[in-house]
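K.L.:
If you scroll down you'll find the structure; I have some questions about it.
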Amino acid sequence: MSETAAQSSAPLRARAEIDLAALRSNVRTLRALAPGAALMAVVKSDAYGHGAVPCARAAVEAGAAWLGTATPEEALALRAAGIRDVRIMCWLWTPGGPWREAVEADLDVSVSGMWALREAVEAARAVGRTARVQLKGDTGLGRNGCQPGADWAELVSEALHAERAGLIRITGLWSHFACADEPGHPSIAAQLSTFREMVSHAEQAGVRPEVRHIANSPATLTLPEAHFDLVRTGVAVYGISPSPEIGSSAELGLRPVMTLSASVALVKRVPGGHGVSYGHHYITPGETTLGLIPVGYADGIPRHASGTGPVLVGGKWRTVAGRVAMDQFVVDLGGDEPAVGSEAVLFGPGDRGEPTAEDWAQAAGTIAYEIVTRIGTRVPRVYVNEGQAG
């Protein structure tokens, strides 16, 4: 019996079940939406909380040609895990980062300014290997990326000089949308126009990139004109809609990959007027039963969902009663008495009537990205459907 199978059959305080068949299906769905482009599965932040290595492998099995991470350390960990026959790009660099290790591991490194280009070139010179470098333009997001105009012209010129010297290979030109999750937002067309201009300048100067890319998950789903050579899909790989404005997961043909559940730790009858949890923000309206759910904000359950977070217990939706504490919270069972050890489902695909990550996002006033990403390491990831049949 595999470790994950053993985990699956053992009683656990809490578990995050990761359905790799759902992930592979999502990757195939997204590939079909951008048939003329390769697909990058973004596995940053431990694959949005789902587990980077198992999810990366499943995505590649389903046809992802690229993997993407934020930090170089995340990308190097994938290589160390034996993921080698796929391109891996990382884009969040700071001075003094592991440039040499990245060049040796054949990673694509993103460069947004002259300091980063210099460090990539020095790393290539030091290890005697050509660095794979992608140039990022700031087309309007205002975060990372080189400004258009003179700054971009200088970066392109110096990168080409390093390429002619055999130190780097300019493998990509790329950028990132600010508002692709808001269909019709005027910045979308403006950014696309700027991106095309920046690409045109680079190519006229002599850059011959392997890939040009700007599309994130929402752009992959809604903006075929933004697909270019590569689409970078993050949250959609994990079956979560990038925005309710675009549609629900089901409407987009995606299936949520993570199901978060816990074992009910205590059921007890209490009288009316009984305070519940810190601050007594919830007082029982009458005699009732309370159920103790043994997860809290140390496990990633948002404290902002105190009094609002939904949980399926005994086939019924319950709501967090009072404050979410560090390790536990309480639900009012309304007189029902499920057995101790019964399953409490915080979120999942919704097939069994359970809440979804989007329901928790609404309850906490945030986005579903944060709900899944914040689930902590105290919660074991249990992988199901690991084979390629799904």
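K.L.:
Quick check on Gly51: is it in contact (Cβ under 8 Å) with a residue 12 or more places away in the chain, over 19 Å from Val211 (Cβ atoms), under 19 Å from the mean Cα position of the chain (by Cα) and buried (at least 18 other Cβ atoms within 10 Å of the Cβ)?
P.N.:
So Gly51 fits the description; yes.
K.L.:
Leu76 fails exactly one of the following numbered conditions: (1) open to solvent by 50 Å² or more (accessible area, probe 1.4 Å); (2) under 14 Å from Lys44 (Cβ atoms); (3) among the aliphatic types (A, V, I, L, M). What is the number of that condition?
P.N.:
The number of the failed condition is (1).
K.L.:
How about the stretch 1-80: which helices (runs of 4 or more DSSP H) wholly inside it have at least 3 residues that are at pLDDT 95 or above and out of contact with any helix residue (DSSP H, G or I) (no Cβ under 8 Å at 6 or more places or on another chain)?
P.N.:
20-33, 72-80
K.L.:
Looking at the stretch 172-198, which of its residues are in contact (Cβ under 8 Å) with a residue 24 or more places away in the chain and either among the aromatic types (Phe, Trp, Tyr) or part of a helix (DSSP H, G or I) (or both)? Walk me through how you get there before you give the answer.
P.N.:
Narrowing the stretch 172-198 to residues in contact (Cβ under 8 Å) with a residue 24 or more places away in the chain: 172-178, 180-183, 187-188, 190-192, 194-195, 197-198.
Trp174, Phe177, Ser187, Ile188, Ala190, Gln191, Leu192, Thr194, Phe195, Glu197, Met198, listed by residue number.
K.L.:
Within the bounds of the stretch 207-217, is there any residue that is assigned to a helix (DSSP H, G or I) and at pLDDT 95 or above?
P.N.:
Initial filter on the stretch 207-217 (assigned to a helix (DSSP H, G or I)): 217.
Then keep just the ones that are at pLDDT 95 or above; that gives 217.
Yes, some residue in the stretch 207-217 is assigned to a helix (DSSP H, G or I) and at pLDDT 95 or above.
K.L.:
While we're here: Please work out if Arg318 is of a type in the set (Lys, Arg), at negative phi and open to solvent by 60 Å² or more (accessible area, probe 1.4 Å).
P.N.:
On the way: of a type in the set (Lys, Arg): yes; at negative phi: yes; open to solvent by 60 Å² or more (accessible area, probe 1.4 Å): no.
No.
K.L.:
Any chance the stretch 238-246 includes a residue that's touching a Leu at 6+ places or on another chain (Cβ under 6 Å), open to solvent by 50 Å² or more (accessible area, probe 1.4 Å) and in contact (Cβ under 8 Å) with a residue 40 or more places away in the chain?
P.N.:
No, the conditions are met nowhere in the stretch 238-246.
K.L.:
If you check Ile88 against the conditions, is it free of Cβ contacts under 8 Å to residues at least 24 places away in the same chain, open to solvent by less than 20 Å² (accessible area, probe 1.4 Å) and either of a type outside the set (Ser, Thr, Tyr) or not in a helix (DSSP H, G or I) (or both)?
P.N.:
Working: free of Cβ contacts under 8 Å to residues at least 24 places away in the same chain: yes; open to solvent by less than 20 Å² (accessible area, probe 1.4 Å): yes; either of a type outside the set (Ser, Thr, Tyr) or not in a helix (DSSP H, G or I) (or both): yes.
Judged against the criteria, Ile88 is a match.
K.L.:
Output the number of the condition that Leu346 fails; it satisfies all remaining conditions of (1) open to solvent by less than 30 Å² (accessible area, probe 1.4 Å); (2) in contact with a Phe, Trp or Tyr (Cβ under 9 Å, 6 or more places away or on another chain); (3) in a loop (DSSP other than H, G, I, E, B).
P.N.:
(3)
K.L.:
Is it true that some residue in the stretch 145-165 is open to solvent by less than 60 Å² (accessible area, probe 1.4 Å), closer than 19 Å to Ala70 by Cα and of a type outside the set (Asp, Glu)?
P.N.:
For the stretch 145-165, residues open to solvent by less than 60 Å² (accessible area, probe 1.4 Å), closer than 19 Å to Ala70 by Cα and of a type outside the set (Asp, Glu): present.
K.L.:
Take the residues in the stretch 107-122 that are in a loop (DSSP other than H, G, I, E, B) and within 23 Å of the chain's Cα centre (by Cα), then tell me which one is farthest from Ala202 (Cα to Cα).
P.N.:
Here is the first cut: in the stretch 107-122, the ones in a loop (DSSP other than H, G, I, E, B) are 107, 112-113.
Next, from what is left, pick out any that are within 23 Å of the chain's Cα centre (by Cα): 107, 112.
Details: Leu107: 22, Ser112: 14 Å.
Of everything passing the filter in the stretch 107-122, Leu107 is farthest from Ala202 (Cα to Cα).
K.L.:
Sticking with this structure for a sec: Can you find a residue in the stretch 357-370 that is open to solvent by 50 Å² or more (accessible area, probe 1.4 Å), under 17 Å from the mean Cα position of the chain (by Cα) and of a type outside the set (Asp, Glu)?
P.N.:
Yes.
K.L.:
Out of Arg169, Arg125, Arg132, I need the residue that is surrounded by 22 or more Cβ atoms within 10 Å (Cβ to Cβ), outside any loop (DSSP other than H, G, I, E, B) and not hydroxyl-bearing (Ser, Thr, Tyr). Which one?
P.N.:
Values: Arg169 fails: surrounded by 22 or more Cβ atoms within 10 Å (Cβ to Cβ); Arg125 fails: surrounded by 22 or more Cβ atoms within 10 Å (Cβ to Cβ).
Going through Arg169, Arg125, Arg132 in turn, the sole match is Arg132.
The values are calculated or read from the model by the stated rules, or taken from the named source; none is laboratory data. What you see is a predicted model; the values in this text were computed from it and never measured. A quick note on method: Cβ atoms are made from the backbone with ideal geometry, for glycine too, and the neighbour counts reach across all protein chains shown. The area values use the complete protein model at the heavy-atom level, side chains included, leaving out ligands, DNA and RNA. Shrake-Rupley method; radii C 1.70, N 1.55, O 1.52, S 1.80 Å.
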